[in-house]
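Below is one structure, written out as structure tokens, with a few remarks after it.
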Amino acid sequence: MGDEEDGRRRDGPHGGAEGRRHKTRPQSHRQDSGPERRQELYLGFLTKTQLVVASVTVGLVLLLTIITVTAVVLTNKSGSTSLSPSMTTGGDMLDFLVQSGEISERDGLLATWFHRANRKEEMNNALASDAMILEADVTLEGYGTPGEKPIPIMAHPPDKYSDNTLDQWLDAVLASRKGIKLDFKSLASVGLSLDLLREKNSSGGINQPVWLNADILQGPNVPDFILPVNGTRFLQLIQEKFSDVTLSPGWKVAYGPPLFNGTYTRLMVEDMYNMIKDVPQKVTFPVHVLLVRSGWQHISWLLSQSPRFSLTLWQGSIHPNVSDLLFIRDNTHPAQVYYDIYEPTLSAFKQAARQRGRPRTFYPGGDLMDFLSTATQRSSLAVHWFTVTDHASLLAQLSDGAGGMLVVRVTSDDKRPGVPLVEGSGESSEPLMLQDVLQQLEQSADVPWGVYLRIHTQQLLEVSLMLLCSAYSREKLYRPVWISMDGMQSSDHAKEYVSTVERLFPYVTLVLTEQNWPPQIPATVAGLSQRVALHLNTASVPSRREELHSLLGMMDRFDLIVEEDTKSRAEALSVLKGRMTKRKGRANTNLYVISDRS
């Protein structure tokens, strides 16, 4: 438009001058000059100036028409795309469902499933249903029999035959707008199935996400003679043949209480992480919903290792408790978990999850800043620390409602050896027991205070952990709990401390108290799934640049608590705070400062 306007400006004065020249000629001259007049007129009645103006006008009209038609076409295409979005096979499932108009936001709870859409009747029922994601099982025709054929079919073991091949299944499902999850029970069908997917994608294009699932590791309660799918080969085939997918690698799992109710272990999740940590795809881990809460310290560790990771909860014949589902919901982002759960439990869970004002079932070993995000505006340096010394001061803090961290030094006295008491509480009033503190917190469930127990002896550690376990089993402990123990001068002491926590109540943040630099990090801590914090005093905060760099390196793994002493090394703490602000947003750990002013 700018060039056209410039053109009109140039033509305008020129046309005006030409017109003025005609107007100043005498009338008699125009009448006596017939041949000259015919040379100056175009189309029999237009002067040159009039012709130029008319041409420009027509050009502008055509240009505006083209712009308008193009805009209408693009608008129509945009509307069509919103109804039938284009999505790569490796695209995010929740993004796909939002673009399709199936769900309103990226929330795994809103996605719905259809199981075992294998035979044609089941597949057609699934396609006609409101289910958003179809799950189906792939094996070879006659798998494991003398009549085995290299034809992928849709069947769940022990079935070895089906009226539906994967080829036919894909033709039907790809014409829909359903998400796809293919479960492989053996390695034999994987390569041939990937070839089919690649062929379909090359010929007509697959416009929905595809998940590929196989149980590639031994899981809870499964004997060694039941072998999983070869995980190394499964992942290798995907990378070689059809890599634009979401991976769904799982564990072989059995569940049969009361004998077979073991949960996911650190070794299991560590093996899984080592297996898939270098793959480029999105990964969703299928986990048995009845085993997740009891192994949450390990499952949550795995989930936190990459933003590409998510969980898909699945169930067998036994339904989960709604409270267990709420626990998982309350300790994850909505986009991190898919809920492949049956009715009527699913509807009851959705109703409970939507309930306004429901107390959050916070994981005691979770991130303190997640718990206090509202009270601190997500600044760890704004956390309020208060040392409990008696019942009156405890009540005052709980009634204040501001929130923060209650520091409780746990000791005992000669009258009640082995009974955890709050240090300093018996000096001017009746001694305050740790059990009293926990009961008071139970009665103030909506007040945002965490608890930091600084315990003097191994005996008191065991009793304190049992009290915590009792409160948690009664669903009365949904706030952050930190635990430290005095006197861990040797690796043996540290090992005993860690093993006691793991055995009696592992759902905590473990705190290592260090008086000197460099801190001695016990080797036993390296393999923990729980959050771990280092507690230093200001005097032990290093001031040299190299040592500060080393300390910041430790914070890639540990939270850091600095107990401020105004008499020593305030400058080092100031430098440390400055360094922390620069790393903000790229770390999952925090710096906390305990002082008289906090």
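The values are calculated or read from the model by the stated rules, or taken from the named source; none is laboratory data. Computed from a prediction, not measured in an experiment: that's the story for all the values here. We place every Cβ from the backbone using ideal geometry, glycine too, and count neighbours over all the protein chains shown.
For this structure, a couple of remarks:
- Taken over segment 519-564, residues that are surrounded by fewer than 13 Cβ atoms within 10 Å (Cβ to Cβ), over 25 Å from the mean Cα position of the chain (by Cα) and in a helix (DSSP H, G or I) amount to 4.
- Some residue of segment 406-421 being touching a His at 6+ places or on another chain (Cβ under 7 Å), without any contact (Cβ under 8 Å) to a residue 60 or more places away in the chain, assigned to a strand (DSSP E or B) and of a type outside the set (A, V, I, L, M, F, W, C): yes
- Output for segment 132-171, where each listed residue is among the β-branched types (Val, Ile, Thr) and either surrounded by 23 or more Cβ atoms within 10 Å (Cβ to Cβ) or not assigned by TED's automatic domain parsing to the domain that holds Leu109 (or both): Ile133, Val138, Thr139, Ile153
- Extreme residue, nearest to Met272 (Cα to Cα), among residues of segment 499-518 that are in contact with a strand residue (DSSP E or B) (Cβ under 6 Å, 6 or more places away or on another chain) and assigned to a loop (DSSP other than H, G, I, E, B): Val508
- Flag: Pro258 matches the condition of being at pLDDT below 95, assigned by TED's automatic domain parsing to the domain that holds Asp137, over 25 Å from the mean Cα position of the chain (by Cα) and not in a helix (DSSP H, G or I).
- For segment 214-259, taking the residues that are in contact with a helix residue (DSSP H, G or I) (Cβ under 8 Å, 6 or more places away or on another chain) and polar (S, T, N, Q), the one that is nearest to Lys282 (Cα to Cα) is identified as Thr246.
- Exclusive hit being part of a helix (DSSP H, G or I), touching a strand residue (DSSP E or B) at 6+ places or on another chain (Cβ under 6 Å) and at pLDDT 65 or above, set Ala54, Ala126, Ala117: Ala126
- Val190, sole failed condition from (1) surrounded by 22 or more Cβ atoms within 10 Å (Cβ to Cβ); (2) aliphatic (A, V, I, L, M); (3) closer than 21 Å to Tyr338 by Cβ: (3)
- Verdict on Tyr161 being farther than 29 Å from Ser104 by Cα, in contact with a strand residue (DSSP E or B) (Cβ under 8 Å, 6 or more places away or on another chain) and part of a loop (DSSP other than H, G, I, E, B): yes
- If the condition is being under 32 Å from the mean Cα position of the chain (by Cα) and not small (Gly, Ala, Ser), then segment 444-465 contributes Asp446, Val447, Pro448, Trp449, Val451, Tyr452, Leu453, Leu465.
- Remark: Val541 matches the filter, which requires a residue to be of a type outside the set (S, T, N, Q), under 18 Å from Glu571 (Cα atoms) and in contact with a Leu (Cβ under 7 Å, 6 or more places away or on another chain).
Each row is one residue, and each column tells you yes or no for (1) among the charged types (D, E, K, R); (2) within 17 Å of the chain's Cα centre (by Cα).
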site	(1), (2)
Pro307	no, yes
Ser310	no, yes
Phe327	no, yes
Thr332	no, yes
Ala348	no, no
Gln355	no, no
Gly366	no, yes
Asp370	yes, yes
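- For segment 370-392, taking the residues that are in contact with a strand residue (DSSP E or B) (Cβ under 8 Å, 6 or more places away or on another chain) and among the small types (Gly, Ala, Ser), the one that is surrounded by the fewest Cβ atoms within 10 Å (Cβ to Cβ) is identified as Ala375.
- Verdict on Ser202 being surrounded by 16 or more Cβ atoms within 10 Å (Cβ to Cβ) and among the polar types (S, T, N, Q): no
- Checked against (1) within 34 Å of the chain's Cα centre (by Cα); (2) within 27 Å of Ala402 (Cα to Cα); (3) in contact (Cβ under 8 Å) with a residue 24 or more places away in the chain, Arg474 passes all but condition (3).
- Residue that is touching a Gly at 6+ places or on another chain (Cβ under 8 Å) and of a type outside the set (Val, Ile, Thr), where the choices are Gln168, Gln208: Gln208
- So Val287, is it within 25 Å of the chain's Cα centre (by Cα), outside any strand (DSSP E or B) and closer than 20 Å to Leu313 by Cβ: no
- Candidates are the residues of segment 448-491 that are of a type in the set (Phe, Trp, Tyr) and not in a strand (DSSP E or B); the one that is surrounded by the fewest Cβ atoms within 10 Å (Cβ to Cβ) is Tyr472.
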